[in-house]
Amino acid sequence: MSMDFTDQRLSYEKGALDQQSIPTSPFELLKEWMNEALAQKVQEPYAMSLATCGADNKPSVRIVLLREITDNGIIFYTNYESAKGQDIAENPNAEVLFFWHELERQVRISGSIAKIDTAKSAAYFQKRPHDSQVGAWVSQPQSGEVASRDVMEQTFDQLQADYPDNSQVPVPVPAFWGGYEITIEQVEFWQGRANRMHDRIVYTQDSKQNNASWTTKRLLP
Ligand SMILES: Cc1cc2nc3c(=O)[nH]c(=O)nc-3n(C[C@H](O)[C@H](O)[C@H](O)COP(=O)(O)O)c2cc1C
């Protein structure tokens, strides 16, 4: 039996986006919106859907956590040998999406992905809680099949025994795990409005050089 949502609708009335008064850089607006989402207690506003597409031309999407907004892009951490890692090795173009329902906002970022340097990944790995460090080793290869939950738990327990918490033996930083940075090429900010008259402003960088200026356009909703 089908499930019908055609009578479900919401009027979006919480904000507006004015092309004349927004910052000249999308990084500033992204940080403003992120701060507002944090202030409004949006749960994990830094959780983003990451879309990749490998050589098979089949897009895949999953949530990852944004860990840093840098001067040129955004960083997340994952397993380099995962399905997404494979896609990225084959095609560096990616798009991410944030949707903050509480603010009726969507942000869409596209750019090219590259691994960050291993020292930076190691520094973040060492900052993570011990159990998350162990978890990264259990999930290898991430996206590979595992026979059962028991198998995962046995591996977890074994690693906890090999690298007890608060011991002198730190959990080694896995070579298969680390950060990716998406160098931002385009950002679209979407603010829901009444009557489907939503505001959409897209920033595109004028050249690939660092600190290049950005042009904005309003798009039909
Ligand atoms: C809220 C949330 C946060 C997540 N954060 C991450 C993350 O930061 N890194 C990561 O590798 N996977 C994260 N995941 C798991 C991914 O969505 C995904 O299941 C996993 O990375 C495997 O994806 P893949 O098979 O496409 O490589 C998160 C999932 C959720 C729901």
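Quick check: net charge around Ile69, other residues with Cβ under 13 Å of its Cβ, Lys/Arg +1 and Asp/Glu -1? Mind dumping the intermediate values first?
Details: positive: Lys31, Arg67; negative: Glu28, Glu32, Glu68, Asp71, Glu181.
Neighbourhood net charge equals -3.
Taking amide H atoms as placed 1.01 Å from N in the peptide plane, list the residues 5 or more away in sequence, or in a different chain, whose amide H sits under 5 Å from that of Gly73.
Here the answer is Ile184, since their amide H atoms fall under 5 Å of that of Gly73.
Exactly which GluC sites (Glu not before Pro) in region 122-221 are in a DSSP loop and have at most 10 other Cβ atoms within 10 Å?
Values: sites: Glu145, Glu153, Glu181, Glu185, Glu188; in loops: Glu145.
Those that pass, being in a loop and sparsely packed, are Glu145.
Considering only DSSP states other than H, G, I, E and B, which trypsin sites (Lys or Arg not before Pro) in region 119-221 qualify as loop sites with at most 14 other Cβ atoms within 10 Å? Write down the numbers at each step before the final one.
Numbers: sites: Lys120, Lys127, Arg149, Arg193, Arg196, Arg200, Lys208, Lys217, Arg218; in loops: Arg193, Lys208.
In loop regions of region 119-221 (DSSP not H, G, I, E or B), the sparsely surrounded trypsin sites (Lys or Arg not before Pro) are Lys208.
Post the alpha-carbon centroid distance, region 140-154 to region 19-44, in whole angstrom.
So the separation of the two Cα centres works out to 39 Å.
Greater than 31 Å separation of Cα atoms is the criterion. Which listed pairs, Lys31/Lys208; Lys14/Lys58; Lys14/Lys217, meet it?
Values: Lys31/Lys208 21 Å; Lys14/Lys58 36 Å; Lys14/Lys217 22 Å.
Violating the 31 Å limit, Cα to Cα: Lys14/Lys58.
Every read-out reported here was derived from the displayed coordinates using simple, explicitly stated rules and does not represent laboratory data. Keep in mind that this is a model prediction, so the values were computed, not measured. Every residue, glycine among them, receives a Cβ derived from its backbone with ideal geometry; neighbour counts consider all protein chains shown.
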